[in-house]
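Below is one structure, written out as structure tokens, with a few remarks after it.
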Amino acid sequence: MAGKEGTQQEFFHTFNELYDNSKQIVLTSDKPPHQLSGIQERLIGRFEWGFAVEVLPPDLEHRVAILQTKAKNLGVILDDDILFVIAESSGGSVRELEGFFNNVVGQSTMLGVPINKNLVMEVSSRLMNKSTPDRITVELIQSEVASFYGTTVQDICSKKRTKGVVRPRQVAIYLSRMFTDNSLLDIGRKFGGRDHSTVLHSVATIEDLLAKEPLSGESNSYIAEQNEKTFWWKTSRLKLITFFVFYFYITFVDYCSLFRDKC
């Protein structure tokens, strides 16, 4: 919204309408109102009418609860003691927690081994002992997704709405949200100037797909086999391995859906 006069004008009237009708308004930002730039003073003044509170990183109990939800959505069954180990081994932010969990699940799928304390410790050790940590960028994700799906970055960032472009775009946006620190606005800009609502829709679409089609033993074997044959030599970066796990899984679901439709 910063720097967009038309959007701020509409938001101003929307805010007033909600406020005049005693509606609850909840706003989030990475800075307190008085530090926001590119925002009209009249909006900042209204933001300061309310109560500002800092949202701190979740404590251990909340991190475990987040992991329980994440595991359920992916169809992964884990004991609470393993969830506690994962929660204690990951970083403090929700993004770091989800990234670490995805690494553990990806490693388990790749190697065909159960998720236990030893695996969690191994993943934690690898991430902590990296002398030159890899930086995952939106551009890197776009390139890898385009290569896998046999399309181009230009198509992914274009306005095309064909299925062969829409699905790779949704996957790339989802992974960008999961594995980078870019804001929704930044991600949207890097995908052809799309707005934050489009980014959220893509993320929700992939999350819904994963929730409806939980990882099964058959697809686990398929993913592990294809990853080992095709991608293991390509990179040692653990996060990118997780990307490929998602790629194969989502493609597998696409084929299953197509088969059901034909039947």
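We did not get these values from a lab; they are worked out from the coordinates using the rules stated. This structure is a prediction, so every number in the text was calculated from the model and none was measured. In this analysis, Cβ positions are derived from the backbone assuming ideal geometry, glycine residues included, and neighbour counts consider all displayed protein chains.
What is segment 5-47 by shape, rounded, prolate or oblate, if you read a ≥ b ≥ c off the alpha carbon gyration tensor as root eigenvalues and call it rounded for a/c under 1.5, prolate for a/b larger than b/c, and oblate otherwise?
The shape class here is oblate.
Under the 0.36 nm per residue contour assumption, what length would be gained going from the current alpha-carbon distance of Ser93 and Lys160 to full extension?
Values: separation 67, 0.36 × 67 = 24.12 nm, distance 3.51 nm.
Gain on extension, Ser93 to Lys160, equals 20.6 nm.
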Here is the link list: Lys72/Lys117; Lys72/Lys190; Lys70/Lys117; Lys160/Lys190; Lys4/Lys159. Which ones come out longer than 27 Å on Cα distance?
Lys72/Lys190
To the nearest Å, what is the center-to-center distance of segment 157-198 and segment 1-47, using C-alpha atoms only?
25 Å
Distance (nanometres) between label positions extended 7 Å along Cα→Cβ at Val113 and Phe84:
2.3 nm
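Can you work out the FRET efficiency for the pair Asp181 and Asn21, with r the C-beta to C-beta distance and R0 = 41 Å, to the nearest 0.05?
Numbers: r = 37 Å, r/R0 = 0.89.
That gives a FRET efficiency of 0.65.
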Other residues with Cβ under 11 Å from the Cβ of Phe47 give, with Lys and Arg +1 and Asp and Glu -1, a net charge of +1
